[in-house]
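> One structure, as structure tokens, below. Some questions next.
The values are calculated or read from the model by the stated rules, or taken from the named source; none is laboratory data. What you are looking at is a predicted structure, and each value in this text was computed from that prediction instead of being measured. We place every Cβ from the backbone using ideal geometry, glycine too, and count neighbours over all the protein chains shown. Each accessible area value is taken on the protein alone, full model and side chains, heavy atoms only, with ligands, DNA and RNA left out. Shrake-Rupley method; radii C 1.70, N 1.55, O 1.52, S 1.80 Å.
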Amino acid sequence: MNIILALLTAALWGTTYGVTQYTLPDWPPLLLGAIRALPAGLILWSVRPRLPSGQQLWPLLKLGAVNIALFFSLIFVMAHTLPSAISGVGMVSVPLFAMIFQFLVLKHKPSVAQIVAGVSLLLLGLMLFNPGSLTLNPVGLVAMLAAIGCIIVGSRMTQTLSGKLHWWDVLVWQLILGGAILALISAVQWLLAPAGFAAVADGFSGRELAGIGWIVLFNTVLAYGLYVFLMQRMSIVDFTFGGIANPITGIALGVLLIGEQYSLTQYLLMAGMIASSLLPSLLSLKE
């Protein structure tokens, strides 16, 4: 059941690229991050309103800065600068980086199934997207690599804090504090470079409001609730294998919303990537 919830979480996160490009293509990444995080955190806080203690505030602030402020900004930079294909390759490589992190930092040796699945995901992803044939934006590539680091480090920070605080408080306050950081930075950016906010100043269309609603409610409230819940029940590596649904969903929305097209071979490779992501969990059930 945990891997299914992890796949659902990643699938919701995978809608970020297509929804942003279709509904909010000209909005600044920092502002989008603030809009995504702060309202979601306040909505969740209203369900169970509690204030952190002074000792809890600093760890929550650090988590919000890494897992929300930095990560959300990087994700929206990727959405504006990279094709979904390259974002997909980056996301399928997350389990490999997570395994290396756990082995070097936490001294956890990955299983044979995890190693085989991780290498399979990377190879299938390279075959599917063939990044050598695409012109790449270096800003987007740096953002992608940094976002992968945020996923791994932020997940470890979430696990550590969830062992000390209730998982709901970890969820709520990382969104509120991370969103507040982004809101402050966005306000300064607006004052210094107002031209970048022209799309916002022009008013809101129905499509833009729908995009904001999706990003706040489904992409964040629901997906991040599942994420923090699962970080108590899964290792970082196991959770990141569910992340394969992220690029698959991104590609599907690219086809439906933006009109991108892929061949039958590419769709078969996508199916192979999903099967590889499920391999470690399926083998653990047999054991």
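> In whole percent, how big is the carbon plus sulfur part of the accessible area of the chain, probe 1.4 Å, protein atoms only? Please report the intermediate quantities before stating the final value.
Numbers: 9270 of 12820 Å².
In the chain, the share of accessible area belonging to carbon and sulfur is 72 percent.
> I need to check one value: relative contact order of the chain, counting alpha carbon pairs closer than 8 Å and at least 6 residues apart, in percent. List each step's numbers first, then the result.
Details: 388 pairs, mean separation 127.1, N = 287.
It comes to 44 percent, rounded to a whole number.
> Also, I was wondering about something else. Work out, step by step, the length gained on full extension between Val47 and Leu264: first 0.36 nm times the residue separation, then minus their alpha carbon distance; give nm to one decimal. Walk me through the intermediate numbers first.
Numbers: separation 217, 0.36 × 217 = 78.12 nm, distance 4.56 nm.
Net length gain for the segment: 73.6 nm.
> Name the residue farthest towards the positive end of the dipole of the chain from the options Leu182, Asn246, Pro280, assuming +1 on Cβ of Lys and Arg, -1 on Cβ of Asp and Glu, about the Cα centre.
It is Pro280.
> Which FRET efficiency value, to the nearest 0.05, is calculated for Gln189 and Leu126 with the Förster distance at 41 angstrom and r the Cβ-Cβ distance? Don't skip to the end; give the middle numbers.
On the way: r = 36 Å, r/R0 = 0.88.
Once rounded, the FRET efficiency stands at 0.70.
> Treat every Asp and Glu Cβ in the chain as -1 and every Lys and Arg Cβ as +1, leave all other atoms uncharged, and give the resulting dipole magnitude about the Cα centre to the nearest 20 debye. If you can, show how the numbers build up before the last one.
Numbers: 11 positive and 7 negative charges, 157 e Å.
Approximately 760 debye in magnitude.
> Just name one of Gln266, Leu230, Thr9: the one whose Cα is farthest towards the positive end of the charge dipole of the chain (beta-carbon charges, Lys/Arg +1, Asp/Glu -1).
Projecting each Cα onto the dipole axis, the largest value belongs to Leu230.
> Report the gain in length on full extension from Ser205 to Ala275: 0.36 nm times residue separation, minus Cα-Cα distance, nm rounded to one decimal.
Working: separation 70, 0.36 × 70 = 25.20 nm, distance 3.97 nm.
Difference between extended and current length: 21.2 nm.
> Find the accessible area per residue for the chain; the probe is 1.4 Å, ligands and nucleic acids are left out, and the unit is Å². Numbers along the way, then the final one.
Working: 12820 Å² over 287 residues.
Value for the chain: 45 Å² per residue.
> Using +1 at the Cβ of each Lys and Arg and -1 at the Cβ of each Asp and Glu in the range 156-238, identify which of Leu192, Ala210, Leu171 lies farthest towards the dipole's positive end.
Value computed over the given set: Leu171.
> Run the helix sum for the chain: -39,500 (n - 2.57) per DSSP H stretch of 4+ residues, divided by residue count, reported at 222 nm to the nearest 500 deg cm²/dmol. Working shown, then result.
Values: 15 runs with 212 residues, N = 287.
It comes out at -24000 deg cm²/dmol, rounded to the nearest 500.
> Evaluate the distance, in nm, between pseudo-label points positioned 7 Å from the Cα of Val255 and of Ile115 along their respective Cα→Cβ axes.
In this crude label model, Val255 to Ile115 measures out at 3.5 nm.
> Something else about it: Count charges around Ala199 for me, please; just the other residues with Cβ under 9 Å from its Cβ, Lys/Arg as +1, Asp/Glu as -1. Mind dumping the intermediate values first?
Details: positive: none; negative: Asp26, Asp202, Glu208.
With Lys, Arg at +1 and Asp, Glu at -1, the neighbours total -3.
> Starting with the highest mean, order 116-122, 76-82, 183-189 by the number of other Cβ atoms within 10 Å, averaged over the residues of each peptide.
Working: 116-122: 20.7, 76-82: 23.0, 183-189: 15.1.
Per-residue Cβ counts within 10 Å, averaged per peptide and sorted highest first, yield 76-82, 116-122, 183-189.
> Sort 54-61, 259-266, 145-152, 105-112 for me by packing, meaning the mean count of neighbouring Cβ atoms within 10 Å per residue, highest on top.
Details: 54-61: 13.9, 259-266: 10.8, 145-152: 19.4, 105-112: 12.2.
Order by mean packing, descending: 145-152, 54-61, 105-112, 259-266.
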